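Below is one structure, written out as structure tokens, with a few remarks after it.
The values are calculated or read from the model by the stated rules, or taken from the named source; none is laboratory data. Just so we're clear, the structure is a prediction, and the values are computed from it rather than from any experiment. Here the Cβ positions follow ideal geometry from the backbone for every residue, glycine too, while neighbour counts run over all protein chains shown. For accessibility, only protein heavy atoms count, side chains too; no ligands or nucleic acids. Shrake-Rupley method; radii C 1.70, N 1.55, O 1.52, S 1.80 Å.
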There are 2 protein chains.
Amino acid sequence: MEKIGRYEFRANPFHCDCTGHLFMGHLGNHMLNAADFHANDRDFGIKYLQTINKAWVLSRLAIEMEEMPQIYERFYVESWIESSMKFFTNRCFRVVNTDGKVYGHGKSIWAMIDTETRQPCNLLDIKDGELLQWELKDEPNPMGKMTRVMMSHEAELVKSIETGYNDVDINGHINSVKFIEHVMDLWETDWYCEHRLKRVDVAYVAEGHKSDRLELYREQTGEMEFCVRVCRAGADGTELCRMKLVFEN
Amino acid sequence: MEKIGRYEFRANPFHCDCTGHLFMGHLGNHMLNAADFHANDRDFGIKYLQTINKAWVLSRLAIEMEEMPQIYERFYVESWIESSMKFFTNRCFRVVNTDGKVYGHGKSIWAMIDTETRQPCNLLDIKDGELLQWELKDEPNPMGKMTRVMMSHEAELVKSIETGYNDVDINGHINSVKFIEHVMDLWETDWYCEHRLKRVDVAYVAEGHKSDRLELYREQTGEMEFCVRVCRAGADGTELCRMKLVFEN
């Protein structure tokens, strides 16, 4: 079994935006699907973890795209494990078209939790550290380092959203990529005719639950750079995630 | 070229709901994708139509499922043209798994418009009626007839929704299936742990546009049957679509 897994997807017409390119949300979900396929094929995916009451939890995700797949195009999402430590594993992604042209990359950090106690577990305890055999340290991933999303207290409440059935994944949590979609919806469709989301960095802080109402706080941190904090509405106000978006014309 | 087109899809884990089955929204989009692939492969799809300033417009869609594809499952959406008349064509769908087991069916009615005048055109004018050669009148589609969605004026305003970038398709209109997703979100996630959407019938009345705010009016029309009217908010209040949903335990 290769260390890099490669999964074919297609930019289906009804998964494309008003510019005829794949929605970032669909690409993000394809990355999560590729991660899941890669892990299951190597027997450390959710299918195996369920048998020992463990689960992967996405902690950070960054995607940087030079170009997005166009309508009808077939493309591959490649995924591999860059490194694994006691509590975190670094997983990379590469998006390439059928001619081998690289469209962009992704980086992610995953933790493992015990599904009963919800506490983090030592990844290297799984099958006596078998995870380490999948490490691929020198595979190039030229995208910049994952950046810490720094926000001031100046961020303004710009939207409040009711989540619903379609936001909730198989684990009963708000789907990680739905947060990106909700945040992208803060900009009008017309914005996306002239601007492209080049990079997004997301830090997942706490799990969103079904029926959560979300509050989105935004601040502009550069000419084409914005940060958004997503909190659970109500008295508790827990921060669920924070993301930085960089657009280009 | 066969009259029936067959397209493979997969119930990717991040396209599955809290019960581990494919979201109806994803299935609906796969049907629209299958329709598009089938039409393009036979040279009456949007690729050809764009060259003569015409476009397909979905007028009615009904989906009836005995079962939904499960997480990780590969399945096929088959599609064919049942009949074509001057202003409408009837297109069918069948969802089967890799063992040939039939999970459910779909029916749809499509019109063709001139993209400049937005007026309906005669489908049989296209390439001297070539569309008729694809008719397949006796292919079985055991689902019940498409039903007219009848609503009284008793329906209650239950939700108002801001649409955004992710709702808008490549034509600049609200994606037909997004209406189904928004309506399904009227029920809590918990409802779907105990109930399954067995059948949905949608009548598309007018196109939704980017930035439309939607108002959803619902009434219960049977023990497990509900109708929902979706209107554009504001002074105009145009009805955009109407749908009937039948659940089962």
Qualifying residue in the stretch B:32-41 (condition: within 14 Å of another protein chain (Cβ to nearest Cβ) and among the aromatic types (Phe, Trp, Tyr)): yes
Single residue of the stretch B:53-67 satisfying the filter (among the aliphatic types (A, V, I, L, M) and touching a helix residue (DSSP H, G or I) at 6+ places or on another chain (Cβ under 7 Å)) that is farthest from B:His195 (Cα to Cα): B:Ala55
Residue match in the stretch B:148-164 (condition: closer than 26 Å to B:Glu116 by Cβ, over 15 Å from the mean Cα position of the chain (by Cα) and hydroxyl-bearing (Ser, Thr, Tyr)): yes
Some residue of the stretch A:127-148 being in contact with a helix residue (DSSP H, G or I) (Cβ under 8 Å, 6 or more places away or on another chain) and at negative phi: yes
Filter result (within 14 Å of chain A (Cβ to nearest Cβ) and touching a Lys or Arg at 6+ places or on another chain (Cβ under 9 Å)) within the stretch B:47-69: B:Tyr48, B:Leu61, B:Met68, B:Pro69
Complete set of residues in the stretch A:98-122 that are at negative phi and more than 20 Å from the chain's Cα centre (by Cα): A:Thr98, A:Asp99, A:Lys101, A:Asp114, A:Thr115, A:Glu116, A:Thr117, A:Gln119, A:Cys121, A:Asn122
Whichever residue in the stretch A:42-69 is aliphatic (A, V, I, L, M), open to solvent by 10 Å² or more (accessible area, probe 1.4 Å) and assigned to a strand (DSSP E or B) and, among such residues, is nearest to A:Asp125 (Cα to Cα): A:Ala55
Among (1) part of a loop (DSSP other than H, G, I, E, B); (2) within 14 Å of chain A (Cβ to nearest Cβ); (3) more than 30 Å from B:Phe247 (Cβ to Cβ), the one test that B:Tyr72 misses: (3)
Any chance B:Arg74 is over 22 Å from B:Leu132 (Cβ atoms) and open to solvent by 10 Å² or more (accessible area, probe 1.4 Å): yes
Positions within the stretch B:10-20 being more than 9 Å from chain A (Cβ to nearest Cβ) and open to solvent by 10 Å² or more (accessible area, probe 1.4 Å), in sequence order: none
Residues (away from chain A (no Cβ under 14 Å) and more than 17 Å from the chain's Cα centre (by Cα)) located in the stretch B:201-217: B:Glu215, B:Tyr217
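Yes or no, residue by residue, for (1) over 29 Å from B:Thr115 (Cα atoms); (2) within 11 Å of chain A (Cβ to nearest Cβ); (3) at pLDDT 95 or above:
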residue	(1), (2), (3)
B:Lys137	yes, no, no
B:Asp167	no, yes, yes
B:Lys178	no, yes, yes
B:Met184	yes, yes, yes
